[in-house]
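Next up is a structure, given as structure tokens.
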Amino acid sequence: MGGLAIQGGILGGTLVGIWLAKKHKLPVWQVADIVAPALILGMAIGRISDFLTGDAYGIPSNSILAVSYPPGTFVYNIFGSTPVLPMPLFEAIGDLIIFGFLLLIKYRKPFQGFLFLQMLILYSTLRFTLEFWRGDSLRTLLNLKVAQLTALATIILAIGFMIGRYRQMKAAHRE
């Protein structure tokens with residue numbers, strides 16, 4: 001319910017991926033770029049599963065986009081037959097757009113690690129935005145949700161790494 005499941009999974013997977021790449025003497029940033037499109041595609045598929053089970057639900061709404069869940073689903077236990085926004089579907093669509101974008105730029109990336117860092121920035125921006133309409137997350141600091149704070153931290157870190165990688169690339173070209 002805190003909104004850290006997928007973000008924690010990304011962090012944990014990244015740490016394990018770094019460890020495995022170093023253990024097998026593989027270039028970490030190159031491996032990260034290879035994994036990035038598959039990671040976001042997997043997240044999109046997972047969100048479709050969330051939609052089907054009534055998990056990661058949105059807020060109640062009278063919008064034409066709102067859906068009512070059947071008895072036995074998680075969200076039904078909370079809101080009954082009240083229509084809610086299908087946030088997992090919105091996130092799945094956003095994830096698929098990010099996936100397509102990564103495929104479009106994969107041969108035009110300026111440096112190793114760009115795809116992975118770009119995926120982190122785009123996904124975190126999507127997640128930060130969609131959290132405003134999620135009905136299953138707790139608000140915390142500045143009336144933001146835990147997942148939004150984590151998304152902001154991820155964006156800042158990814159941009160920092162992106163600037164660092166860009167500077168490394170420029171310095172290497174000067175030598």
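Treat every Asp and Glu Cβ in the stretch 27-127 as -1 and every Lys and Arg Cβ as +1, leave all other atoms uncharged, and give the resulting dipole magnitude about the Cα centre to the nearest 20 debye.
Working: 5 positive and 5 negative charges, 64 e Å.
The calculation lands at about 300 debye.
Right, next: Let me have the 222 nm mean residue ellipticity of the chain computed from DSSP H runs of 4+ only, each contributing -39500 (n - 2.57), with the sum over all residues rounded to the nearest 500. Walk me through the numbers on the way to the answer.
Values: 6 runs with 116 residues, N = 175.
Value at 222 nm, helices only, nearest 500: -22500 deg cm²/dmol.
Using only Cα atoms, tell me the angle between helix 87-105 and the longest principal axis of the chain; keep it within 0 to 90° and round to the nearest 10.
20
Subtract the Cα-Cα distance of Ser68 and Leu103 from 0.36 nm times their separation in residues, and report this length gain in nm to one decimal.
Details: separation 35, 0.36 × 35 = 12.60 nm, distance 3.46 nm.
Length difference between fully extended and current span is 9.1 nm.
What net charge is computed for the residues neighbouring Gly135, neighbours being all others with C-beta under 14 Å from the C-beta of Gly135, Lys and Arg scored +1, Asp and Glu -1?
Numbers: positive: Arg134, Arg139, Lys145; negative: Asp50, Asp55, Glu91, Glu131, Asp136.
Net charge around Gly135: -2.
A further question on this structure: Where nothing but the Cβ of Lys and Arg (+1) and of Asp and Glu (-1) is charged, how large is the charge dipole of the chain around its Cα centre, in debye to the nearest 20?
Values: 15 positive and 8 negative charges, 178 e Å.
For this selection, approximately 860 debye.
Name the residue from Met43, Gly113, Ile78 whose Cα lies farthest towards the positive end of the charge dipole of the chain, charges +1 on Cβ of Lys and Arg and -1 on Cβ of Asp and Glu.
Projecting each Cα onto the dipole axis, the largest value belongs to Gly113.
Tell me the label-point distance for the pair Glu175, Ala153, using the 7 Å Cα-to-Cβ offset, in nm and rounded to one decimal.
Label at Glu175, label at Ala153, 3.3 nm between them.
Let me ask something additional. Ser137 accessible area, nearest 10 Å², 1.4 Å probe?
My reading of the accessible area for Ser137 is about 20 Å².
List the residues, sorted by chain then number, that are 5 or more residues from Lys145 or on another chain and whose placed amide H is less than 5 Å from its amide H.
For Lys145, the qualifying residues are Thr140.
Which sequence of Tyr76, Tyr57 reflects their accessible areas, 1.4 Å probe, from the largest down? Mind dumping the intermediate values first?
Details: Tyr76 75, Tyr57 5 Å².
Of Tyr76, Tyr57, the descending order of accessible area is Tyr76, Tyr57.
Calculate, for the chain, the solvent-accessible area per residue in square angstrom, rolling a 1.4 angstrom probe over the heavy atoms of the protein chains.
Numbers: 9920 Å² over 175 residues.
On a per-residue basis, 57 Å².
Give me the one-decimal nm value for the distance between modelled label points at Ala5 and Phe132, 7 Å along each residue's Cα-to-Cβ direction.
2.4
Now for a different question. If you roll a 1.4 angstrom probe over the protein chains with everything in place, what fraction of the accessible area of the stretch 20-160 belongs to carbon and sulfur, to the nearest %? If you can, show how the numbers build up before the last one.
Details: 5230 of 7350 Å².
Percent of accessible area from carbon and sulfur atoms in the stretch 20-160: 71.
Another one. Can you check what the net charge comes to around Lys109, using other residues whose Cβ is under 14 Å from the Cβ of Lys109 (Lys, Arg +1; Asp, Glu -1)?
For residues surrounding Lys109, the net value is +2.
Could you work out the longest stretch of the chain that avoids the trypsin sites (Lys or Arg not before Pro) located in DSSP loops with at most 12 other Cβ atoms within 10 Å?
Numbers: sites that count: Lys25, Arg108.
Formally, the longest exposed-site-free interval is 26-107.
The values are calculated or read from the model by the stated rules, or taken from the named source; none is laboratory data. Note that the structure is a prediction, hence the values are computed from the model and not measured. Cβ atoms come from the backbone with ideal geometry, glycine included; neighbour counts cover every protein chain shown. For accessibility, only protein heavy atoms count, side chains too; no ligands or nucleic acids. Shrake-Rupley method; radii C 1.70, N 1.55, O 1.52, S 1.80 Å.
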